[in-house]
1. Go through region 124-136 residue by residue and tally those that are crowded, with 20+ Cβ neighbours inside 10 Å and within 27 Å of GLU231 (Cβ to Cβ).
2. Could you check, for region 159-182, whether at least one of its residues is of a type in the set (Asp, Glu), over 20 Å from TYR232 (Cβ atoms), within 45 Å of the chain's Cα centre (by Cα) and surrounded by 12 or more Cβ atoms within 10 Å (Cβ to Cβ)?
3. Just checking, does region 213-229 include any residue being more than 18 Å from ALA135 (Cα to Cα), part of a loop (DSSP other than H, G, I, E, B), in contact (Cβ under 8 Å) with a residue 40 or more places away in the chain and β-branched (Val, Ile, Thr)?
4. Determine, yes or no, whether GLY139 is over 51 Å from the mean Cα position of the chain (by Cα) and surrounded by fewer than 18 Cβ atoms within 10 Å (Cβ to Cβ).
5. Return the total of residues in region 196-212 being in a strand (DSSP E or B) and farther than 21 Å from GLU111 by Cα.
Amino acid sequence: MIGASRRLLSTTAAMLLVVTLSVAGYLPEAVSVPPVDAPPVDAPPVDAPPVGAPPVDAPPVGAPPVDAPPVGAPPVDAPPVGAPPVDAPPVGAPPVDAPPVGAPPVASADEPIKVEWRLLASLDNRTGKPGEELAALDGKLVKVPGFSVPLEDWASSVTEFLLVPYVGACIHTPPPPPNQLVYVKMKKGKWAFLNGWNPVWVEGVLKIEMTKSVYGHVGFTITGQRVYPYEY
């Protein structure tokens, strides 16, 4: 019992001595020692990238932008593959150099323009004035199909004759109106060989003018250059 009391007193005395010395400044302050595995002061975090390295999620050097189209792909604003050019005319549109609708046929200087009887019928028999399309053919080289009517009975080689749209006109039937009669006068030195029952093509320069024949008034004159059989 006495020994235990002595030990308690010794311990208490020791503690009082430490406190007294500390207050008096005889004991140094505790030094703060960093842990053994702590990084140096001001060192970057352990998982930080090296200095000057690109961001972790940056694309490789030389790689195209993330939103760039694939290599070889057409431009974003390019038309679909197989699409016609932007300045191409609509599908089914006539050629740019095509003549206006209703215009007379266009032929080269050496090629006659084919003229049908329905167009010749646009001539006004009373006034002698042609329609706009017909008027454009005045003085042009044309070719007209039809049947020949000689101005001399039974003549087969002639220098002038009438051209009519159907067989037998002026012979077995009354003559047609002036806009359905063409007076053909062959060019000097040329002859026409006729067979009134077979159709022919007549090529020559057309003149829209009223003339008179043994069969009545005629609305057109052709200076004939060539007469040849009509082929169906």
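1. First pass over region 124-136, keeping only residues crowded, with 20+ Cβ neighbours inside 10 Å: 130, 134.
If we keep only those that are within 27 Å of GLU231 (Cβ to Cβ) as well, we get 134.
Qualifying residue count, region 124-136: 1.
2. First, pick out the residues of region 159-182 that are of a type in the set (Asp, Glu): 160.
Of the ones still in play, those that are also over 20 Å from TYR232 (Cβ atoms) are 160.
Okay, now just the ones that are also within 45 Å of the chain's Cα centre (by Cα), so none.
No, region 159-182 contains no residue that is of a type in the set (Asp, Glu), over 20 Å from TYR232 (Cβ atoms), within 45 Å of the chain's Cα centre (by Cα) and surrounded by 12 or more Cβ atoms within 10 Å (Cβ to Cβ).
3. Within region 213-229, the subset more than 18 Å from ALA135 (Cα to Cα) is 213-217, 224-229.
Retained after the next criterion (residues that are part of a loop (DSSP other than H, G, I, E, B)): 214-215.
This time we only want the ones that are in contact (Cβ under 8 Å) with a residue 40 or more places away in the chain, so: 214-215.
Within this subset, residues satisfying the condition of being β-branched (Val, Ile, Thr) are 214.
Yes, some residue in region 213-229 is more than 18 Å from ALA135 (Cα to Cα), part of a loop (DSSP other than H, G, I, E, B), in contact (Cβ under 8 Å) with a residue 40 or more places away in the chain and β-branched (Val, Ile, Thr).
4. On the way: over 51 Å from the mean Cα position of the chain (by Cα): no; surrounded by fewer than 18 Cβ atoms within 10 Å (Cβ to Cβ): yes.
No, not satisfied.
5. Here is the first cut: in region 196-212, the residues in a strand (DSSP E or B) are 200-212.
Keeping just the survivors that are farther than 21 Å from GLU111 by Cα gives 209-212.
Of the residues in that region, 4 qualify.
This table checks each residue for (1) at pLDDT 90 or above; (2) surrounded by fewer than 17 Cβ atoms within 10 Å (Cβ to Cβ); (3) over 43 Å from the mean Cα position of the chain (by Cα); (4) among the basic types (Lys, Arg).
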| position | (1), (2), (3), (4) |
| --- | --- |
| LEU194 | no, no, yes, no |
| TRP197 | no, yes, yes, no |
| VAL200 | yes, no, yes, no |
| GLU209 | yes, yes, yes, no |
| LYS212 | yes, yes, yes, yes |
| HIS217 | yes, yes, yes, no |
| PHE220 | yes, no, yes, no |
| TYR230 | yes, yes, no, no |
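The values are calculated or read from the model by the stated rules, or taken from the named source; none is laboratory data. Note that the coordinates shown come from a computational prediction; the quantities given were computed from them, not determined experimentally. Here Cβ is always computed from backbone atoms with ideal geometry, including for glycine, and neighbour counts include all displayed protein chains.
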